[in-house]
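All of the numbers you see were taken from the coordinates with simple rules; none came from a lab. The structure displayed is predicted, hence computed values, not measured ones. Cβ atoms come from the backbone with ideal geometry, glycine included; neighbour counts cover every protein chain shown.
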Amino acid sequence: MAFNILIVDDSSVMRKIIIKSLRMSGVPIAELYEASNGKEGLDLVNQHWIDLVIVDINMSVMNGEEMIDHLRENLETSDIPVIVVSSEGSETRVERMKNQGASFIHKPFTPETIRDTVKKVMEGSNERSI
Amino acid sequence: MRDQFKEIFYQVVTDTLEALAFIFSFPEDQRDTIDYDSALTTSVSFTGPFSGKLVMAISKQVVPGLAANMLGVDEETSLPQQQDALKEVVNVICGNFLPTIAGEHEIFTIDVPGVISNADQARFLHDGKPTSVAKIKLESGQADFYLFIDGRD
């Protein structure tokens, strides 16, 4: 099964780095969607079937934490796996997002970290209801 | 304490450049500041337990290679890509540095980084004394990093 993956980051360079890491990782990819803030990301989630969201925290318009809150509040999107990729260093904030069911990757990261985390998250989400 | 602070600053800067852009760098504390006419400058502000900004000025000739390394491409990168790459570098350095001096549980809001125009470069130099400065040598250029913390110099 190949996954539809949404990448939400205000840096186009970081989005490309994540995409490259995903392609190198061997994760089966169906469609890749990109958004530059949480609001654009939510719009894409409402338009397409998304299997995994990879999201930054600090973005203008709507940040990553707010986007995760919106995803979790909506029954149709509440079980979408989320990986936060950020340079955030506050353990308090990271714990808060983990409590929302998100996994966390710290920037800078290696492609191996992306691969391992995506595999772990997607293995645990096989029973996501359609 | 100030020496320890500076040491951590250098460590975060060199580690980030190496991990994010595959660029090796070396502290060059004794030299003059970079020639700002030949540099591109980016800045990011933050608020939290304390507020301030991190400014990075880097030799223009280094930037295309830095962006290409980050993107993993051989072809020439565009100016927007290069600026975006610099903004990401300064963002990651800031995100990694703040918890090392404020503590792991403190929460900061890091603003969206921006490119500083040539005119504003001159202004920021007279915009108070930086709390810490890291001057580094790169293979084909230099970079200066200025940390400003409001109310501290």
How far apart, in nm, are two points set 7 Å out from the Cα along the Cα-to-Cβ line at B:S51 and at B:D37?
3.5
A correct Karplus calculation of ³J(HN,Hα) over segment A:35-41, with 6.51 cos²θ - 1.76 cosθ + 1.60, θ = phi - 60°, whole Hz and x for Gly and Pro, returns 9, 9, 7, x, 5, 4, x
From Cα pairs below 8 angstrom and at least 6 apart in sequence, can you work out the relative contact order of chain B, rounded to a whole percent?
35
Can you list the lysines whose alpha carbon sits under 22 Å from that of B:K135, skipping same-chain ones fewer than 8 residues off?
B:K6, B:K53, B:K60, B:K87
Placing +1 on the Cβ of each Lys and Arg and -1 on the Cβ of each Asp and Glu in segment A:66-112, which of A:F109, A:V94, A:T77 has its Cα farthest towards the positive end of the resulting dipole?
A:F109
Could you name the lysines whose alpha carbon sits less than 23 Å from that of A:K119, not counting residues in the same chain fewer than 8 places away?
A:K16, A:K20, A:K98, A:K107
Per the Kirkwood formula on distinct C-alpha pairs, the Rh of chain A is how many angstrom?
14.4
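Counting Lys and Arg as +1 and Asp and Glu as -1, each charge on the Cβ, what is the dipole of segment B:1-126 about the Cα centre in debye, to the nearest 20? Please report the intermediate quantities before stating the final value.
Numbers: 7 positive and 18 negative charges, 75 e Å.
It comes to approximately 360 debye.
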Under the Karplus relation with 6.51, -1.76 and 1.60 and θ = phi - 60°, whole-Hz ³J(HN,Hα) for segment B:73-79, x at Gly and Pro, equal 10, 9, 6, 5, 9, 7, 4
Could you give log10 I(q)/I(0) at q = 0.07, 0.09, 0.11, 0.14 Å⁻¹ for the protein assembly as shown, computed by the Debye formula over C-alpha point scatterers of equal weight, without solvent?
-0.26, -0.43, -0.64, -1.00
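With +1 on each Lys and Arg Cβ and -1 on each Asp and Glu Cβ, how big is the dipole of chain A about its Cα centre, in debye rounded to the nearest 20?
Working: 14 positive and 21 negative charges, 94 e Å.
In total the dipole reaches around 460 debye.
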From the phi of every residue in segment A:61-76, what ³J(HN,Hα) in whole Hz does the Karplus formula 6.51 cos²θ - 1.76 cosθ + 1.60 yield, where θ is phi - 60° and glycine or proline is x?
6, 8, 7, x, 4, 5, 4, 4, 4, 5, 4, 6, 6, 9, 4, 6
Where Rh is the Kirkwood radius over the Cα pairs of chain B, the temperature 20 °C and the viscosity 1.002 mPa s, what D in µm²/s does Stokes-Einstein return?
138
Using label points projected 7 Å from each Cα along Cα→Cβ, tell me how many nm separate B:D111 and A:H106, to one decimal.
2.7
Can you tell which of B:A39, B:Q142, A:V27 lies farthest toward the positive end of the dipole of the protein assembly as shown, using +1 and -1 charges on the Cβ of basic and acidic side chains (Lys, Arg; Asp, Glu)?
B:Q142
Between A:E95 and A:N4, what FRET efficiency follows from the Cβ-Cβ distance if R0 is 30 Å, with the result rounded to 0.05?
0.60
Highest-MSF residue in chain A out of A:T92, A:T113, A:T77 [GNM, Cα springs under 10 Å]:
A:T92
Shielding of A:30-41 by partners, i.e. mean partner chain Cβ atoms within 10 Å per residue?
0
Which cross-chain or sequence-distant (5 or more) residues have an amide H under 5 Å from the amide H of B:T131, H modelled 1.01 Å from N in plane?
B:L147, B:F148, B:I149
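For chain A, calculate the relative contact order in percent as a whole number, restricting contacts to Cα pairs under 8 Å that are 6 or more residues apart. All intermediate terms of the calculation are to be shown ahead of the outcome.
Values: 210 pairs, mean separation 32.4, N = 130.
Relative contact order here is 25 percent.
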Can you tell me which of B:D15, B:D74, B:D111 moves the most in a GNM of chain B? Springs connect C-alpha atoms under 10 Å apart.
B:D74
Taking springs between alpha-carbon atoms closer than 10 angstrom, which of A:V61, A:V118, A:V82 fluctuates most in the Gaussian network model of chain A?
A:V61
